[in-house]
Amino acid sequence: MKRFHPWVFSGAIKKMYGEPAEGDLVNVYSNKDEFLGTGHYQIGSIAVRIVTFEDVNPDYDFWKSKVQSAWNLRKQLGFDKNLQTNVFRLIHAEGDGMPGLIVDFYNGTAVIQTHSVGMHLIREQLVQAMREVLAVRLKAVFYKSEKTLPFKADLENEDGYLFGNHSENEVMEYGLHFKVDWESGQKTGFFVDQRENRKLVERYAKDRDVLNMFCYTGGFSFYAMQGGSKSVHSVDSSGKAIDLTRENVELNFPGEKRHEAFVADGFEYLKEIQDKYDLIILDPPAFAKHRNTLPQALKGYKRINTRAFEQIRSGGILFTFSCSQVVSKDRFREAVFSAAAIAGRNVRILHQLSQPADHPVNIYHPEGEYLKGLVLYVE
Ligand code: SAH
């Protein structure tokens, strides 16, 4: 904690005074009784998520200043004036000094996802703070935490609007249009974190036959089409995601013949792609959600990448990703390295990708760097 890491693990607690309830603010002291910080208490392996290392009372003004600071950064990044992109991450948990809180902004609607009981309990204050900070920009706030809060805590939590109501669900990213279903879609509705990596696909797509594996609502596919690809196949195991992908194709490229979308299991689909593709994007879901599933996850990354390396056409480009927080950049690269070696291909690394600036990493919390990607040239 003296190096500002914002987590206190339960095993590191020697003594607790009082009986804090889940979500309460607690102070943390060293063995020598020095004040170290204040944070939200929770039952589980991360017992305290620190919200301040200063001896201050986290009241409404405190939270408002945090929200303001997050917005100030997004303004630095140009999101207040960007006419091409109106979807971005407004609050990125530890990266914005608010552990347990994610807020994505969708063209006027903020979608809040809490991962800690403490943030859940102050949700109304957070909404108020966002309304003050964002003013007329903010038209609605949707609360979506049923799947992310600890299920054992008895929170009587339901997803729904805390301010405003359902409105325009079309957003724009680099001028491309996307229908986003934040009410029932995965995560907060859209994978905002892949914006810059999707954009990079555009640069490599010209005249290529593209496979967008684990496509969700089609993100990468549209950039491939924009970049002049010959054909694009979008594949996902979720029928709903594929429906949205097709809807988004119509929205951006009406009557487009180059695009086809399939509902299929990724592992199965990749078995038989032969030499159909010369640009492949692999953006699977987090294979490891916990440390104990790490070996299994690494095998999963190795397997899908091996299949891609074995079959991609000569001169092909592979965009491959991992969004598992517990898989480090090095472990991921090792898995991809093994896959290349098994396939026996000559492979060069062209780009090493990460998450965009609206998903900042707190320098004292390296775990916040969760998205890893490699762009590879396969001879
Ligand atoms: N590339 C997307 C985000 C991908 S998220 C974007 O830019 O928006 C991961 C996706 O993998 C989800 O849509 C999920 O439905 C899908 N998925 C999960 N398991 C799968 C499997 N076994 N086969 C195919 N798709 C799968």
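Nothing in this text is a laboratory measurement; each read-out follows from the coordinates by a stated rule. Because the structure is predicted, anything quoted here is derived from the model rather than measured. So basically every Cβ, Gly included, is an ideal-geometry build from the backbone, and we count neighbours across all protein chains shown.
The table below lists the values:
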| quantity | calculated |
| --- | --- |
| FRET efficiency, 1/(1 + (r/R0)^6) with R0 22 Å, evaluated for ILE349 and LYS299 via beta carbons | 0.50 |
| Packing-based ranking, highest mean first, of 12-23, 211-222 given that Cβ atoms within 10 Å are counted | 211-222, 12-23 |
| Degrees separating the helix 294-311 axis from the principal Cα axis of the chain, which is the longest one | 20 |
| Within the range 166-280, percent of DSSP bridges classed antiparallel, to nearest 5 | 25 |
| Contour excess over end-to-end distance, with Cα ends at GLU367 and GLU250 and 0.36 nm allotted per residue | 38.3 nm |
| Whole-angstrom gap from the range 311-373 to the range 28-64, using each part's C-alpha centre | 34 |
| Gaussian network model of the chain, springs between alpha carbon atoms under 10 Å - residue of GLY344, GLY227, GLY160 with greatest fluctuation | GLY344 |
| Radius 15 Å from Cβ of ALA205, net charge of other residues (Lys, Arg +1; Asp, Glu -1) | +3 |
| Gain in span if fully extended, ASP55 to GLU132, counting 0.36 nm per residue against the direct Cα distance | 25.2 nm |
| The chain, relative contact order in percent, only Cα pairs under 8 angstrom and at least six apart counted | 12 |
| Size of charge dipole - the range 100-219 - debye, nearest 20, with Cβ of Lys, Arg +1 and Asp, Glu -1, no other charges | 380 |
| The range 7-52: radius of gyration and largest Cα-Cα distance (Dmax), Å | 9.6, 26 |
| Interatomic Cα distance distribution for the chain, bins of 10 angstrom, percent | 5, 22, 30, 24, 13, 4, 0 |
| Degrees between helix 123-134 axis and first principal axis of the chain (Cα, 0 to 90, nearest 10) | 70 |
| Percent of beta bridges antiparallel (DSSP, the chain, rounded to nearest 5) | 65 |
| Spin-label pair GLU334/GLN274, simplified geometry with 7 Å Cα→Cβ offset, distance in nm | 3.7 |
| Point-charge dipole on Cβ atoms (K/R +1, D/E -1) for the chain, about Cα centre, debye to 20 | 1200 |
| Residue-count net charge about PHE267 - beta-carbon cut-off 14 Å; Lys, Arg +1, Asp, Glu -1 | 0 |
| Histogram of C-alpha separations across the range 60-169, 5 Å bin width, % | 2, 12, 24, 26, 19, 11, 4, 1, 0 |
| Degrees, to the nearest 10: 329-343 long Cα axis against longest axis of the chain | 20 |
| Of TYR29, TYR161, MET1, farthest towards positive along the dipole that unit charges on Lys, Arg, Asp, Glu beta carbons give the chain | MET1 |
| nm² value of the averaged projected area, convex hull over the Cα atoms of the range 10-128 | 8.0 |
| The range 181-281, relative contact order [Cα under 8 Å, separation at least 6], % | 28 |
| Normalised contact order of the range 278-379, rounded percent, pairs of Cα under 8 Å and 6 or more residues apart | 35 |
| Interatomic Cα distance distribution for the range 159-316, bins of 10 angstrom, percent | 10, 38, 35, 14, 3, 0 |
| Theoretical FRET efficiency, 1/(1+(r/R0)^6), r = Cβ-Cβ of PHE267 and GLN68, R0 51 Å, to 0.05 | 0.65 |
